[in-house]
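Beneath this line is the structure, given in structure tokens, with notes to follow.
The values are calculated or read from the model by the stated rules, or taken from the named source; none is laboratory data. Note that the structure is a prediction, hence the values are computed from the model and not measured. Quick reminder, even Gly has a Cβ in these numbers, built from the backbone with ideal geometry, and neighbours come from all protein chains shown. Only protein heavy atoms, including side chains, enter the accessible area calculation; ligands, DNA and RNA are left aside. Shrake-Rupley method; radii C 1.70, N 1.55, O 1.52, S 1.80 Å.
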Amino acid sequence: MSVAPLRVGLLGLGTVGQGVVRVLQRNADEITRRVGRPVVVTHASARDTSKPREVSLEGITIVSDPMDIAAKADVDVVVELIGGTTDARELVLAAIARGKPVVTANKALLALEGNAVFSAAREKGVLVGF
């Protein structure tokens, strides 16, 4: 019996986003062992979808509007990697409103909007990791 993968949607496919894809691909066996199921990026957003990337994007749906992932994509976890606060806040709150856990490394977002983000997550019963 195979276990369904944990489907990840990346908001941002710049240097950090590509690094996340690379780490998940390179360490897939160990991550699967630790998590108990495969963790795969299935969706990613990029401002320029035609720009060449330094990582394999095979099997990843690339979109130009990150809200398509935060608000609509069939993913289990949303990872915010765009930085800033305004757009990031909207995207994170949209994902939380859908009941999706969010992971972010956006210190500015958490410093300025953390109360709103964590309050929304608590209300929906989802986790925000950082």
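Quick look at the numbers
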| item | result |
| --- | --- |
| Accessible surface of residue 68 - all protein chains present, 1.4 Å probe, nearest 10 Å² | 50 Å² |
| Hz values of 3J(HN,Hα) by residue in region 97-102 - Karplus curve (6.51, -1.76, 1.60), Gly and Pro given as x | 4, 7, x, 9, x, 10 |
| Amide H contacts of residue 103 (H built 1.01 Å from N, under 5 Å, at least 5 apart or other chain) | 78, 79, 80, 129 |
| Label-point separation, residue 58 to residue 29 (7 Å along Cα→Cβ), nm | 1.7 nm |
| Contact order relative to length of region 58-116, as percent, for alpha carbon pairs under 8 angstrom and 6 or more apart | 35 percent |
| Global geometry of region 24-100, whether rounded, prolate or oblate, following the gyration tensor of its Cα atoms and the 1.5 cut on a/c | oblate |
| Average accessible area per residue (Å²) across the chain - probe 1.4 Å, nucleic acids and ligands excluded | 58 Å² |
| Rounded if a/c under 1.5, otherwise prolate or oblate - the chain, Cα gyration tensor axes | oblate |
| Pair residue 111, residue 87: separation of 7 Å Cα→Cβ label points (nm) | 2.1 nm |
| Rounded percent of accessible protein surface that carbon and sulfur make up, the chain, 1.4 Å probe | 53 percent |
| In Å², nearest 10: area of residue 62 left accessible to a 1.4 Å probe | 50 Å² |
| Relative contact order (%) - the chain, alpha-carbon pairs under 8 angstrom, separation at least six | 24 percent |
| Sequence-distant lysines (8 or more away, or on other chains) whose Cα lies within less than 20 Å of residue 72 | 100, 124 |
| The chain, helix-only ellipticity at 222 nm - DSSP H runs n ≥ 4, -39,500 (n - 2.57), divided by all residues, nearest 500 | -13000 deg cm²/dmol |
| Under 17 Å from the Cα of residue 107 - aspartates and glutamates, other chains or at least 8 residues apart | 80, 87, 90 |
| Label-zone membership for region 80-121, site residue 47, 7 angstrom Cα→C-beta point, backbone N under 12 Å | 82-84 |
| GluC sites (Glu not before Pro) restricted to region 30-87 and DSSP loop, no more than 10 other C-beta within 10 Å | 54, 58 |
